[in-house]
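Here's the structure we're looking at; comments come further down.
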Amino acid sequence: MDQEIHTLLQKGVIEETYYSYGEFVSNVFLRPKKDGRFRMILNLRNLNSHVEYNKFKMDTLQSILKLVTHSWYMATIDLKVAQEHRQYLRFVWRSKLYQYTCFPNGLSSTPRLFTKLMKPSYAHLRCQGHVVSGYIDDTYLQQQLFNDALNSLHACKSLFTSLGLLIHPEKSLDIPSQVATVLGFMINSLDMTISLTTEKKSSLMELFHRIMQSSQITIRDLARLNGKLVSSFPGVAYGPLF
(Lines give C-alpha, C1' and ligand atoms only; values in the text may rest on other atoms or scores of the structure.)
Protein backbone atom coordinates (compact mmCIF):
# COMPACT_ATOMS: atom_id res chain seq x y z
CA MET A 1 0.00 0.00 0.00
CA ASP A 2 2.84 2.40 0.84
CA GLN A 3 4.42 1.88 -2.58
CA GLU A 4 1.12 2.34 -4.41
CA ILE A 5 0.37 5.58 -2.56
CA HIS A 6 3.88 6.83 -3.32
CA THR A 7 3.39 6.04 -7.02
CA LEU A 8 0.01 7.78 -7.17
CA LEU A 9 1.47 10.82 -5.44
CA GLN A 10 4.30 10.96 -7.97
CA LYS A 11 1.82 10.75 -10.86
CA GLY A 12 -0.40 13.44 -9.37
CA VAL A 13 -3.39 11.08 -9.18
CA ILE A 14 -3.74 11.74 -5.44
CA GLU A 15 -2.52 14.48 -3.13
CA GLU A 16 -2.14 14.94 0.61
CA THR A 17 -4.75 17.25 2.15
CA TYR A 18 -6.28 18.33 5.46
CA TYR A 19 -9.61 17.65 7.16
CA SER A 20 -12.49 20.00 6.34
CA TYR A 21 -16.21 20.33 6.93
CA GLY A 22 -18.45 18.37 4.55
CA GLU A 23 -15.80 15.90 3.44
CA PHE A 24 -16.42 12.19 2.83
CA VAL A 25 -13.70 9.70 3.73
CA SER A 26 -13.77 6.19 2.23
CA ASN A 27 -11.58 3.16 2.84
CA VAL A 28 -9.07 1.74 0.37
CA PHE A 29 -7.91 -1.77 -0.50
CA LEU A 30 -5.47 -3.42 -2.88
CA ARG A 31 -6.28 -5.52 -5.95
CA PRO A 32 -3.65 -7.70 -7.69
CA LYS A 33 -2.35 -6.58 -11.10
CA LYS A 34 -1.06 -8.76 -13.93
CA ASP A 35 2.60 -8.07 -13.13
CA GLY A 36 2.34 -9.18 -9.51
CA ARG A 37 2.01 -5.66 -8.17
CA PHE A 38 -1.18 -4.16 -6.76
CA ARG A 39 -3.66 -1.45 -7.70
CA MET A 40 -5.22 0.64 -4.95
CA ILE A 41 -9.01 0.85 -5.06
CA LEU A 42 -11.06 3.58 -3.38
CA ASN A 43 -14.19 1.90 -1.99
CA LEU A 44 -17.04 4.29 -2.85
CA ARG A 45 -19.90 1.98 -1.90
CA ASN A 46 -20.98 4.13 1.04
CA LEU A 47 -20.69 7.36 -0.95
CA ASN A 48 -22.75 5.88 -3.79
CA SER A 49 -25.56 5.10 -1.34
CA HIS A 50 -26.03 8.87 -0.94
CA VAL A 51 -25.98 9.55 -4.68
CA GLU A 52 -29.26 9.63 -6.61
CA TYR A 53 -29.24 7.52 -9.77
CA ASN A 54 -30.99 8.70 -12.95
CA LYS A 55 -31.14 6.96 -16.30
CA PHE A 56 -29.51 8.79 -19.19
CA LYS A 57 -28.05 8.29 -22.67
CA MET A 58 -24.35 8.68 -23.32
CA ASP A 59 -21.80 8.16 -26.08
CA THR A 60 -19.83 4.92 -25.97
CA LEU A 61 -16.81 3.41 -27.66
CA GLN A 62 -19.13 2.37 -30.49
CA SER A 63 -20.08 6.03 -30.99
CA ILE A 64 -16.42 6.91 -31.39
CA LEU A 65 -15.73 3.99 -33.74
CA LYS A 66 -18.42 5.27 -36.11
CA LEU A 67 -16.45 8.51 -36.42
CA VAL A 68 -13.09 6.91 -37.23
CA THR A 69 -12.14 7.65 -40.84
CA HIS A 70 -9.32 6.13 -42.88
CA SER A 71 -5.94 7.82 -42.31
CA TRP A 72 -7.38 10.64 -40.18
CA TYR A 73 -5.45 11.94 -37.18
CA MET A 74 -6.75 11.40 -33.66
CA ALA A 75 -6.15 12.97 -30.25
CA THR A 76 -7.59 12.59 -26.76
CA ILE A 77 -8.05 14.82 -23.73
CA ASP A 78 -8.49 13.61 -20.16
CA LEU A 79 -9.91 15.82 -17.41
CA LYS A 80 -9.11 16.13 -13.72
CA VAL A 81 -11.50 16.59 -10.78
CA ALA A 82 -12.10 20.21 -9.72
CA GLN A 83 -10.49 21.23 -6.43
CA GLU A 84 -13.76 21.88 -4.59
CA HIS A 85 -15.08 18.38 -5.31
CA ARG A 86 -12.02 16.42 -4.22
CA GLN A 87 -13.16 16.41 -0.58
CA TYR A 88 -15.61 13.63 -1.45
CA LEU A 89 -12.84 11.38 -2.76
CA ARG A 90 -10.69 11.11 0.35
CA PHE A 91 -9.10 8.29 2.32
CA VAL A 92 -6.74 7.90 5.26
CA TRP A 93 -3.51 5.92 5.35
CA ARG A 94 -1.00 5.90 8.21
CA SER A 95 -2.79 8.84 9.85
CA LYS A 96 -2.44 10.97 6.71
CA LEU A 97 -5.40 12.23 4.70
CA TYR A 98 -5.31 11.99 0.90
CA GLN A 99 -7.72 12.85 -1.91
CA TYR A 100 -8.00 11.95 -5.59
CA THR A 101 -7.35 14.63 -8.20
CA CYS A 102 -9.09 12.64 -10.95
CA PHE A 103 -12.21 10.50 -10.94
CA PRO A 104 -11.57 7.02 -9.52
CA ASN A 105 -13.50 4.03 -10.79
CA GLY A 106 -16.74 3.31 -8.98
CA LEU A 107 -18.41 6.69 -8.46
CA SER A 108 -21.95 6.04 -9.70
CA SER A 109 -22.86 9.65 -10.54
CA THR A 110 -19.78 10.34 -12.67
CA PRO A 111 -21.06 9.12 -16.08
CA ARG A 112 -24.32 11.08 -15.98
CA LEU A 113 -22.88 14.28 -14.53
CA PHE A 114 -20.03 14.47 -17.01
CA THR A 115 -22.28 13.60 -19.95
CA LYS A 116 -24.75 16.38 -19.08
CA LEU A 117 -21.97 18.83 -18.30
CA MET A 118 -20.00 18.28 -21.49
CA LYS A 119 -22.89 18.00 -23.96
CA PRO A 120 -23.19 21.79 -24.63
CA SER A 121 -19.41 22.05 -25.01
CA TYR A 122 -19.29 19.31 -27.62
CA ALA A 123 -22.24 20.86 -29.47
CA HIS A 124 -20.38 24.19 -29.60
CA LEU A 125 -17.22 22.53 -30.92
CA ARG A 126 -19.14 20.61 -33.58
CA CYS A 127 -20.74 23.84 -34.80
CA GLN A 128 -17.21 25.12 -35.39
CA GLY A 129 -16.39 22.10 -37.56
CA HIS A 130 -14.56 19.97 -35.01
CA VAL A 131 -15.19 16.22 -35.04
CA VAL A 132 -15.44 15.39 -31.36
CA SER A 133 -17.04 12.88 -29.00
CA GLY A 134 -16.79 12.27 -25.27
CA TYR A 135 -17.06 9.46 -22.78
CA ILE A 136 -17.25 10.67 -19.16
CA ASP A 137 -13.99 12.60 -18.61
CA ASP A 138 -12.34 11.42 -21.86
CA THR A 139 -12.64 13.48 -25.04
CA TYR A 140 -11.89 12.10 -28.50
CA LEU A 141 -11.32 14.26 -31.57
CA GLN A 142 -10.12 13.71 -35.14
CA GLN A 143 -9.39 15.55 -38.38
CA GLN A 144 -8.16 14.52 -41.82
CA LEU A 145 -4.95 16.55 -41.69
CA PHE A 146 -2.40 16.71 -38.87
CA ASN A 147 -2.49 20.50 -38.56
CA ASP A 148 -6.29 20.51 -38.54
CA ALA A 149 -6.28 17.91 -35.78
CA LEU A 150 -3.79 20.03 -33.84
CA ASN A 151 -6.04 23.07 -34.26
CA SER A 152 -9.02 21.07 -33.01
CA LEU A 153 -6.99 19.92 -30.03
CA HIS A 154 -6.05 23.51 -29.17
CA ALA A 155 -9.66 24.67 -29.61
CA CYS A 156 -10.92 21.94 -27.27
CA LYS A 157 -8.29 22.74 -24.66
CA SER A 158 -8.97 26.45 -24.88
CA LEU A 159 -12.71 25.95 -24.43
CA PHE A 160 -12.33 23.49 -21.57
CA THR A 161 -9.86 25.77 -19.78
CA SER A 162 -12.16 28.78 -20.18
CA LEU A 163 -14.95 26.75 -18.58
CA GLY A 164 -12.78 25.99 -15.56
CA LEU A 165 -12.10 22.36 -16.48
CA LEU A 166 -8.72 20.92 -15.55
CA ILE A 167 -6.82 18.98 -18.21
CA HIS A 168 -4.75 15.96 -17.22
CA PRO A 169 -1.67 16.24 -19.53
CA GLU A 170 -0.15 12.90 -18.52
CA LYS A 171 -3.28 11.01 -19.57
CA SER A 172 -3.99 12.98 -22.76
CA LEU A 173 -2.69 12.44 -26.30
CA ASP A 174 -1.25 15.89 -27.04
CA ILE A 175 0.18 15.06 -30.47
CA PRO A 176 -2.37 13.91 -33.09
CA SER A 177 -1.64 10.43 -34.39
CA GLN A 178 -3.11 7.83 -36.72
CA VAL A 179 -2.71 5.26 -33.94
CA ALA A 180 -4.26 6.12 -30.59
CA THR A 181 -5.32 4.46 -27.38
CA VAL A 182 -8.97 5.34 -26.82
CA LEU A 183 -10.92 4.07 -23.81
CA GLY A 184 -8.50 1.21 -23.33
CA PHE A 185 -8.41 0.08 -26.97
CA MET A 186 -5.83 0.67 -29.71
CA ILE A 187 -7.42 2.35 -32.74
CA ASN A 188 -5.45 2.41 -36.00
CA SER A 189 -6.92 4.64 -38.71
CA LEU A 190 -4.35 3.52 -41.29
CA ASP A 191 -5.60 -0.07 -41.48
CA MET A 192 -8.97 0.74 -39.83
CA THR A 193 -8.59 -1.74 -36.99
CA ILE A 194 -9.29 -1.79 -33.29
CA SER A 195 -7.42 -4.11 -30.96
CA LEU A 196 -6.76 -4.77 -27.30
CA THR A 197 -3.90 -2.89 -25.72
CA THR A 198 -0.94 -4.93 -24.49
CA GLU A 199 -2.05 -4.26 -20.93
CA LYS A 200 -5.56 -5.58 -21.59
CA LYS A 201 -4.21 -8.70 -23.31
CA SER A 202 -1.80 -9.46 -20.48
CA SER A 203 -4.43 -8.90 -17.81
CA LEU A 204 -6.92 -11.18 -19.55
CA MET A 205 -4.40 -13.96 -20.21
CA GLU A 206 -3.02 -13.82 -16.67
CA LEU A 207 -6.49 -14.25 -15.19
CA PHE A 208 -7.37 -17.00 -17.68
CA HIS A 209 -4.22 -19.02 -16.93
CA ARG A 210 -4.67 -18.61 -13.19
CA ILE A 211 -8.22 -19.94 -13.40
CA MET A 212 -7.25 -22.84 -15.68
CA GLN A 213 -4.45 -23.90 -13.33
CA SER A 214 -6.60 -23.74 -10.21
CA SER A 215 -8.28 -26.84 -8.84
CA GLN A 216 -11.13 -24.67 -7.59
CA ILE A 217 -12.62 -21.55 -9.13
CA THR A 218 -14.26 -18.90 -6.98
CA ILE A 219 -17.45 -17.22 -8.15
CA ARG A 220 -15.65 -13.88 -7.92
CA ASP A 221 -12.86 -14.98 -10.29
CA LEU A 222 -15.35 -16.48 -12.73
CA ALA A 223 -17.42 -13.29 -12.72
CA ARG A 224 -14.28 -11.23 -13.16
CA LEU A 225 -13.18 -13.32 -16.15
CA ASN A 226 -16.61 -13.04 -17.72
CA GLY A 227 -16.57 -9.28 -17.25
CA LYS A 228 -13.13 -8.96 -18.83
CA LEU A 229 -14.16 -11.13 -21.79
CA VAL A 230 -17.28 -9.07 -22.45
CA SER A 231 -15.39 -5.78 -22.12
CA SER A 232 -12.84 -7.00 -24.70
CA PHE A 233 -15.44 -7.66 -27.42
CA PRO A 234 -14.87 -4.37 -29.33
CA GLY A 235 -11.24 -5.39 -29.92
CA VAL A 236 -11.89 -9.08 -30.66
CA ALA A 237 -13.90 -9.59 -33.85
CA TYR A 238 -15.30 -13.04 -33.03
CA GLY A 239 -15.28 -12.73 -29.25
CA PRO A 240 -19.09 -12.81 -28.86
CA LEU A 241 -19.24 -16.18 -30.68
CA PHE A 242 -17.39 -17.83 -27.80
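The values are calculated or read from the model by the stated rules, or taken from the named source; none is laboratory data. Predicted model, so just to flag it, every value in this text is computed and none were measured. Cβ placement follows ideal geometry from the backbone for every residue including glycine, while neighbour counts extend to all protein chains displayed.
Being out of contact with any His (no Cβ under 7 Å at 6 or more places or on another chain) and without any contact (Cβ under 8 Å) to a residue 12 or more places away in the chain holds for only one residue in MET212, MET186, and it is MET212. On the stretch given as the range 37-93, residues that are of a type in the set (Ser, Thr, Tyr), buried (at least 17 other Cβ atoms within 10 Å of the Cβ) and at pLDDT below 80 total 1. Considering (1) in contact with a strand residue (DSSP E or B) (Cβ under 7 Å, 6 or more places away or on another chain); (2) of a type in the set (Ser, Thr, Tyr); (3) over 30 Å from THR193 (Cα atoms), the lone condition that THR76 does not fulfil carries the number (3).
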